[in-house]
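Here is the structure we will look at, set down as structure tokens.
What follows is calculated from the coordinates using simple rules that are stated; it is not laboratory data. What you see is a predicted model, and the numbers here were worked out from it, not measured in a lab. Neighbour counts run over all protein chains shown; Cβ positions are idealised from the backbone, glycine included.
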Amino acid sequence: MTVDKIILGYWSTKGLGSTSRQMIIYAGVPLVSKIYRLIPKLENNSLTYDGSEWHEKDKIILKKKNSLINLPYLQFREGGKEIIIAQSITCLSFLGKKFNMFGENSKEELACNQLLQETVDLRNIVTRFAYTHFENENDELTEASTVFNQAFEHSNVGKLQKFEHWLSSKSNEETKLFLIGNNISSPDFNLFDTLELYYEFLKHYKFAKKYKL
């Protein structure tokens, strides 16, 4: 059963809505991107964000239809019924299965679930840093080095090494263009989106020289 369009609601940042948007566009389904302004504010030397455009308007309405509503969310009609799905991982899993991007059998689906969670762990390292307000530049640079080590360390500590081992363990008969099988899947999208964040992180904090970026 097909859908005419999918509404994706998220903040006015790239954030957790980016991967779902990419998947919808890649699948060729019309996308309506509902953007809610997220305005940063520095109060008492603490960084906060004003999200009243979401919290005081659409969230109140949508919560009556889905009490678990959060950003990002998907909203569409299928079979004459309105469907609203919340939580970023649930959205990615749903879209993957909906668009045949979640493995071709139970073994590949299990791999998708594991890899998707692993991409989330990788993403959380850099996003926690990105949303932290530091008192001074030294503290920021120290924490940036910690993020770098957590992601890129090559002594079975770094998160990216897990993906390197995953790909190297695939048999010679399998393609290495994608994480699973010969077709793109949800974790591929989320890994790409996350690596884009790290690319900018490496350049900004001058770690890029080690990787010749």
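A few remarks follow.
- Single residue of Leu110, Leu74, Leu42 found to be closer than 30 Å to Tyr205 by Cα and hydrophobic (A, V, I, L, M, F, W, C): Leu42
- Residue count for the stretch 69-100 under the criterion of being basic (Lys, Arg) and within 17 Å of the chain's Cα centre (by Cα): the result is 1.
- Pairs linking a residue in the stretch 46-58 that is under 13 Å from Trp11 (Cα atoms) to a residue that is of a type outside the set (Ser, Thr, Tyr), with Cβ atoms under 6 Å and 6 or more positions apart or on different chains, are Tyr49/Leu38; Tyr49/Pro40; Asp50/Ile39; Asp50/Lys41; Gly51/Leu38; Glu53/Arg37.
- Where helices (runs of 4 or more DSSP H) fall entirely within the stretch 59-165, those with at least 3 residues that are within 29 Å of Tyr49 (Cα to Cα) and acidic (Asp, Glu) are at 137-152.
- Looking across the stretch 31-50, the residues that are among the polar types (S, T, N, Q), loosely packed, with under 12 Cβ neighbours inside 10 Å and under 16 Å from Tyr131 (Cα atoms) come down to Asn45, Ser46.
- Of all the residues in the stretch 63-74, those that are touching a strand residue (DSSP E or B) at 6+ places or on another chain (Cβ under 9 Å), free of Cβ contacts under 8 Å to residues at least 24 places away in the same chain, under 16 Å from Ser88 (Cα atoms) and not β-branched (Val, Ile, Thr) number 3.
- Test: Tyr73 is under 20 Å from Gly15 (Cα atoms) and in contact with a Cys (Cβ under 8 Å, 6 or more places away or on another chain): yes
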